[in-house]
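Data block below; observations after.
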Amino acid sequence: MASLPFPKTWWKEAVVYQIYPASFLDSNGDGIGDLNGIFSKLDYLKDLGVNVLWLSPIYKSPLADMGYDISDYQDIDPRYGTLEDWDNLLAGVHARGMKLIMDLVVNHSSDEHSWFVQSRSSKSDPKRDWYIWRPPKYDSEGRRQEPNNWRSVFQGSAWDYDEGTDEYYLHLYVSKQPDFNWDNPEVRDAAWDLMKFWLDRGCDGFRMDVINLISKVEGLPDAPIIEPGEKYQLGSQYFANGPRVHEYIREMREKVLSRYDLLTVGETPFTHDTAELDPYVIPPGEELNMVFQFELMDLDHPKGEHTPLVYRPWKVKEFKEVINRWQTYKRDEGYWNAVFTENHDHPRAVSRFGDDSDKWRAVSAKMLAISQVMQSGTQYVFQGQELGLKNFPRSWGIEEYKDVASQNYYNRIREHRQRESGKEDVDMEDVLDGFQKKARDHSRTPMQWDSTEHSGFTSGTPWMRVNDDYATCNAANQVDDDDSVLAFWKAALKFRKDNDFLIYGDFTDISTDHDQVFAYLRNLQNQSALVVLNFKEKEVEYSLDPARNWSGFVFAFGNYKEVDDDGIRELGGAVKLKSFEGRVYLRK
């Protein structure tokens, strides 16, 4: 049996609940969620089994990208409350034995931050070099061009021209999010200062937004042409996991992180290569506790393309390959996983990996809960995931999609089709088909608390439309229902806590060739679990490997009240699984 190659610690055992503040709960009727709304639900979160709250950005912001464009890192946006409200929330969190982490967004700021206002004011301003400025290029006909051909993640050029100083500034995201120049030590010192501001105030750690993008390749070369006919190309090979990124994060560890007992998790987009990501985590203690890798979240993207709003049907085998690769990756060297199937940048898991029909939503949401919770690593639950919330309907029009990524992509495709056809009115139904499956907006609809108007989220007009099914799918309906998705998540998280070898043990996929069933073993010393999951509506009999010893395994947890057997009936036998059924067997 496997032994434990690394020490146990609180952040490995944590259940982290991500809160998207604008959509969680509005306490003052202005239609936007706030800190006092979060405070009012702390007992709900504690009862769920949450150890850590992660707040998406609540700093002062123009909200060009829902708070990821920060204009003041040391204050709370008035929409969400005040610093005193944050202090009160933190006290409530700590009083319940939980912790709170903040979103650290330091690849870029808002263009309304005083630092950038000063930077763009003059080429000679002391803060000019805090951001990435470059002079224009000119084509053969003397027309001004961007410094390179990089495309913004949110469409269009990654450069904006500033007439006052006749230079361009880099923004990998929207134009109101200029990138910092991390090669400037003054920028790094400012980052350390703002981190210490929150840590000294009592914050327990950080989720670090696109932290692998802070170092760009010297010279900022043109990206290769991978989309012929497009002026701007994805340049991530020149800005993701750049040449000095680990130097900078080790400096962060030395000057800030090492002085506190923290949970740190880095967001690392544009990267599926395990070798690219392991230096962020191993050797343990030199950089971050863990990172979010997005290979599973990119599973239904078209192969070889960065088109996250276009849907590609995925296969169970592909799902298993991704989970197995990361669950087994350098465990003996201390690599630690951040385990999640939802967040604010992705659609709802039950719509994506399960079946969100009325018949199967609850069952498949529970199966997905088993799939996630029984994996090794720190658990991350996104608000509403514990209720089985689903994507909003295909009938919603483009006006309901509030995300800048959705709006910009829609406009880009529409303009392209208008140019190609010479017509103003063009068919965009296929784009909306993709949005219904893939848009980030689905995770950002207001939390569904009860069946009253606007799902109990606000007494005013919500900033975003509430999903149509709120009257039947909401927390109030589920909280006293022992068969609800909410009750199941509570039970699953308790089961994990009671059997901590599920947190720390090794992982073995035993179903690699099966196109419907995901079965894996979890082992640590003298404890074992067998997890068997049916990812489809079709019932299936899954045959166990007769070469293995299955004696002593007893059914312990599942998403159906009735199971066909109390254990694995015979050596090398089979497990009969109903539609979207998940089971966990234990042997101790």
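Would segment 52-62 turn up any residue that is more than 26 Å from Gln177 (Cβ to Cβ), buried (at least 22 other Cβ atoms within 10 Å of the Cβ) and touching a residue at least 40 places away in the same chain (Cβ under 8 Å)?
yes
Pick from segment 394-405 the residues that are assigned to a loop (DSSP other than H, G, I, E, B) and without any contact (Cβ under 8 Å) to a residue 40 or more places away in the chain: which of them is nearest to Asp345 (Cα to Cα)?
Gly397
Within segment 540-553, work out how many residues are closer than 30 Å to Arg361 by Cβ and either touching a residue at least 40 places away in the same chain (Cβ under 8 Å) or open to solvent by 90 Å² or more (accessible area, probe 1.4 Å) (or both).
1
Determine the pairs where a residue that is within 14 Å of Asn559 (Cα to Cα), located within segment 348-368, has a partner that is assigned to a helix (DSSP H, G or I) and not hydrophobic (A, V, I, L, M, F, W, C) with Cβ atoms under 8 Å apart, the partner being 6 or more residues away or on another chain.
So the pair list comes out as Gly354/Arg361; Gly354/Ser364.
Here's the yes/no breakdown for (1) crowded, with 22+ Cβ neighbours inside 10 Å; (2) modelled with pLDDT of 95 or more; (3) assigned to a helix (DSSP H, G or I); (4) out of contact with any strand residue (DSSP E or B) (no Cβ under 8 Å at 6 or more places or on another chain):
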site	(1), (2), (3), (4)
Asn343	yes, yes, no, no
Pro347	yes, yes, no, yes
Gly354	yes, yes, no, yes
Ser357	no, yes, no, yes
Ala365	yes, yes, yes, yes
Ile370	yes, yes, yes, no
Gln379	yes, yes, no, no
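Give the number of residues within segment 122-142 that are free of Cβ contacts under 8 Å to residues at least 12 places away in the same chain and surrounded by fewer than 18 Cβ atoms within 10 Å (Cβ to Cβ).
Counting residues in segment 122-142 that are free of Cβ contacts under 8 Å to residues at least 12 places away in the same chain and surrounded by fewer than 18 Cβ atoms within 10 Å (Cβ to Cβ) gives 9.
Check segment 146-164 and report whether any residue there is open to solvent by 10 Å² or more (accessible area, probe 1.4 Å), touching a residue at least 40 places away in the same chain (Cβ under 8 Å) and more than 15 Å from Gly235 (Cβ to Cβ).
yes
Would you pick out the residues in segment 172-192 that are in contact with a strand residue (DSSP E or B) (Cβ under 9 Å, 6 or more places away or on another chain) and among the acidic types (Asp, Glu)?
Asp179, the sole residue that qualifies.
For segment 521-573, name all the residues that are under 34 Å from the mean Cα position of the chain (by Cα), modelled with pLDDT under 95 and of a type in the set (Lys, Arg).
Selection gives Lys561 alone.
Can you tell me how many residues in segment 78-121 are surrounded by fewer than 22 Cβ atoms within 10 Å (Cβ to Cβ), in contact with a strand residue (DSSP E or B) (Cβ under 7 Å, 6 or more places away or on another chain), touching a residue at least 60 places away in the same chain (Cβ under 8 Å) and assigned to a loop (DSSP other than H, G, I, E, B)?
Adding up the residues that qualify gives 0.
May I ask you to verify whether Thr472 is in contact with a helix residue (DSSP H, G or I) (Cβ under 9 Å, 6 or more places away or on another chain), of a type in the set (Ser, Thr, Tyr) and within 30 Å of Ile398 (Cβ to Cβ)?
no
Can you tell me which residue in segment 524-539 is least open to solvent (accessible area, probe 1.4 Å), limited to those that are in a strand (DSSP E or B) and out of contact with any strand residue (DSSP E or B) (no Cβ under 6 Å at 6 or more places or on another chain)?
The extreme case among them is Leu524.
Considering each residue of segment 278-288, count those that are crowded, with 22+ Cβ neighbours inside 10 Å and either among the charged types (D, E, K, R) or under 16 Å from the mean Cα position of the chain (by Cα) (or both), and give that number.
1
Scan segment 312-332 for residues that are at pLDDT 95 or above and either outside any loop (DSSP other than H, G, I, E, B) or touching a helix residue (DSSP H, G or I) at 6+ places or on another chain (Cβ under 8 Å) (or both) and report the count.
Of the residues in segment 312-332, 14 are at pLDDT 95 or above and either outside any loop (DSSP other than H, G, I, E, B) or touching a helix residue (DSSP H, G or I) at 6+ places or on another chain (Cβ under 8 Å) (or both).
Residues in segment 211-220: is at least one of a type outside the set (Lys, Arg), touching a residue at least 12 places away in the same chain (Cβ under 8 Å), out of contact with any Asp or Glu (no Cβ under 9 Å at 6 or more places or on another chain) and open to solvent by less than 40 Å² (accessible area, probe 1.4 Å)?
Yes; the residues of segment 211-220 include at least one that is of a type outside the set (Lys, Arg), touching a residue at least 12 places away in the same chain (Cβ under 8 Å), out of contact with any Asp or Glu (no Cβ under 9 Å at 6 or more places or on another chain) and open to solvent by less than 40 Å² (accessible area, probe 1.4 Å).
Kindly establish whether Pro178 is surrounded by fewer than 21 Cβ atoms within 10 Å (Cβ to Cβ) and either within 28 Å of Leu53 (Cα to Cα) or modelled with pLDDT of 95 or more (or both).
no
Which residue pairs have Cβ atoms closer than 7 Å, lie 6 or more positions apart in sequence or on different chains, and pair a first residue in segment 417-435 that is over 14 Å from Ile398 (Cα atoms) with a second residue that is open to solvent by 100 Å² or more (accessible area, probe 1.4 Å)?
Final answer for the pair search is Gln418/Glu424.
Filter segment 381-390 down to the residues that are open to solvent by less than 10 Å² (accessible area, probe 1.4 Å) and in a helix (DSSP H, G or I) and list them by number.
Glu386, Leu387
Within segment 14-43, track down each residue that is closer than 14 Å to Leu89 by Cβ and open to solvent by 10 Å² or more (accessible area, probe 1.4 Å).
Hits for segment 14-43 are Leu25, Ser27, Asn36, Phe39, Ser40, Lys41, Asp43.
Here is a list: Asp481, Asp441, Asp430. Which entry is open to solvent by 70 Å² or more (accessible area, probe 1.4 Å) and of a type in the set (D, E, K, R)?
On inspection, the qualifying residue turns out to be Asp430.
Tell me which residues, restricted to segment 232-275, are assigned to a loop (DSSP other than H, G, I, E, B), open to solvent by less than 20 Å² (accessible area, probe 1.4 Å) and in contact with a strand residue (DSSP E or B) (Cβ under 7 Å, 6 or more places away or on another chain).
Scanning segment 232-275 gives Gly235, Leu262, Thr268.
Residue by residue, here is whether (1) assigned to a helix (DSSP H, G or I); (2) closer than 23 Å to His346 by Cα; (3) modelled with pLDDT under 95 holds:
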| residue | (1), (2), (3) |
| --- | --- |
| Lys196 | yes, no, no |
| Leu199 | yes, no, no |
| Pro224 | no, no, no |
| Glu230 | no, no, yes |
| Leu277 | yes, yes, no |
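Quick test of your reading of the structure: Asp75 fulfils all but one of (1) open to solvent by 10 Å² or more (accessible area, probe 1.4 Å); (2) part of a loop (DSSP other than H, G, I, E, B). Name the failing condition by number.
The failed condition is (2).
The values are calculated or read from the model by the stated rules, or taken from the named source; none is laboratory data. Since this is a predicted model, take the numbers as computed values, not measurements. Note: ideal-geometry Cβ built from the backbone for every residue, glycine included; neighbour counts use all protein chains shown. Accessible surface is based on the protein model in full, side chains and every heavy atom, while ligands, DNA and RNA are left aside. Shrake-Rupley method; radii C 1.70, N 1.55, O 1.52, S 1.80 Å.
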